[in-house]
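The values are calculated or read from the model by the stated rules, or taken from the named source; none is laboratory data. Because the structure is a prediction, the values reported are computed rather than measured. All Cβ positions, even for glycine, are placed from backbone atoms using ideal geometry, and neighbour counts span all protein chains on display. The protein model used for the area step is the full one, side chains on, heavy atoms only, and it has no ligands, DNA or RNA in it. Shrake-Rupley method; radii C 1.70, N 1.55, O 1.52, S 1.80 Å.
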Amino acid sequence: TSFKSSLRLGTPNANDARIVARDRHPDCDPQPKPSSMCRPPVDECAANPPPCPAATQTCNDPNTDAASLLDFTCTCTSDTSLKKVGGPAQCSGDECETKPCGTGQTCTDPTAMDVGTKNDYVCKCGNGQQATGKPANCDFDECTAKPCGTGQTCKDTDKKNSNNFECTCDSDSSIKKVGSPATCDKDECATNPCGSGQTCNDPVKTIGSIGDFTCTCTNGVKTTGAAATCETDECAAMPSPCGADQTCTDPDKAANKLHDFECACNSDMSVKKTDGPATCDKDECTTNPCAM
């Protein structure tokens, strides 16, 4: 019987790459051989559609003998340790590999090993803002929370990252701090709030301690948070600084004019002394009153 008659090996199928043998195969000459021996080489990876997803996996058929079907191996391109013989492998589904979040954001895929789970990756900004399945909106002005406090100006120079706001002292713009309130040393006495003749002292020179300066007069009178009333009449002291039979006059009652009171003798107003009792004793005999 001639072997030239067509030999049908089965119905063609893309999955196992079965084909119909030709009328004659070199392995079948000169004598007919079993049909399995007469089939031409079959590369299962060349099937259409391919047995392994071409976008994520590579296919390798180690034995193209027609009798060795379903021995191809699918290997994941993302992780070559993930493979399967005779069918598609279960590859990692880490969506962060495509960098979907953009510049300045970190990407995390909680189901990175599950290729079937999509759009569950998380994009997170440096300031804590985050979104799932899409890039996050990182623009966030930290100054809206007023982190600097009273007497300071807040400026957020980079709204995509946290703790980069800047606090600047209103009292001195050269004093500033990033990420927390600045220490704004402020000496309230620098503006001379006490006035002439008074001593100013600011015990706590921070911006939060306002109105704690002290004004002290040279006569000891003091006031906190305002200029002191230093005027004092030294002649009002008890007992009188001039003594009996003398008249006391204080020409300048300002605190910086202490010890300027004047004592004048009542018996002779021309006899006087400043800052103490006058010597008013008078030798009446000098007028020779006995000659009468």
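Considering the convex hull of the alpha carbon atoms of segment 179-276, report its projected area averaged over all viewing directions, in nm², one decimal.
Details: hull surface 28.1 nm².
With every direction weighted equally, the projected area is 7.0 nm².
Probe of 1.4 angstrom, ligands and nucleic acids ignored: what's the accessible area per residue over segment 70-208, in square angstrom? Don't skip to the end; give the middle numbers.
Numbers: 8140 Å² over 139 residues.
Counting only protein heavy atoms, the per-residue value for segment 70-208 is 59 Å².
Considering all projection directions equally, how large on average is the shadow of the alpha-carbon convex hull of segment 104-236, in square nanometres? Please list the in-between numbers first.
Details: hull surface 43.2 nm².
For segment 104-236, the mean projected area of the Cα convex hull comes to 10.8 nm².
If I model a spin label at Asp43 and Cys96 as a point 7 Å from the Cα along the Cα→Cβ vector, what separation in nanometres do I get?
Placing both labels 7 Å along Cα→Cβ, they lie 3.8 nm apart.
How many nm is it between the label spots at Ser240 and Val85, if each spot is 7 Å from the Cα in line with the beta carbon?
Here the modelled spin labels are 12.9 nm apart.
What lysines does Lys134 reach when the alpha-carbon gap must be under 26 Å and sequence neighbours fewer than 8 apart in one chain are set aside?
Filter leaves Lys99, Lys118, Lys124, Lys159, Lys160.
What length, rounded to one decimal in nm, is gained on full extension from Ser78 through to Thr287, with 0.36 nm per residue of separation minus their alpha-carbon distance? Don't jump to the answer; show the numbers that get you there.
Values: separation 209, 0.36 × 209 = 75.24 nm, distance 13.19 nm.
So the chain would gain 62.0 nm between Ser78 and Thr287.
So if R0 is 41 Å, what FRET efficiency would Asn201 and Lys273 give, r being the distance between their Cβ atoms, rounded to the nearest 0.05? Please list the in-between numbers first.
On the way: r = 35 Å, r/R0 = 0.86.
Once rounded, the FRET efficiency stands at 0.70.
For an R0 of 45 angstrom, estimate the FRET efficiency from the Cβ-Cβ distance between Asp120 and Ser173 and round to the nearest 0.05.
Working: r = 48 Å, r/R0 = 1.06.
It comes out at approximately 0.40.
Given the protein chains as shown and a 1.4 Å probe, how many square angstrom of Val42 are accessible, to the nearest 10?
10 Å²
Applying 1/(1 + (r/R0)^6) with R0 = 22 Å to the Cβ-Cβ distance of Asp141 and Asn163, what FRET efficiency is obtained, to the nearest 0.05? Please report the intermediate quantities before stating the final value.
On the way: r = 13 Å, r/R0 = 0.60.
Rounded to the nearest 0.05, the efficiency is 0.95.
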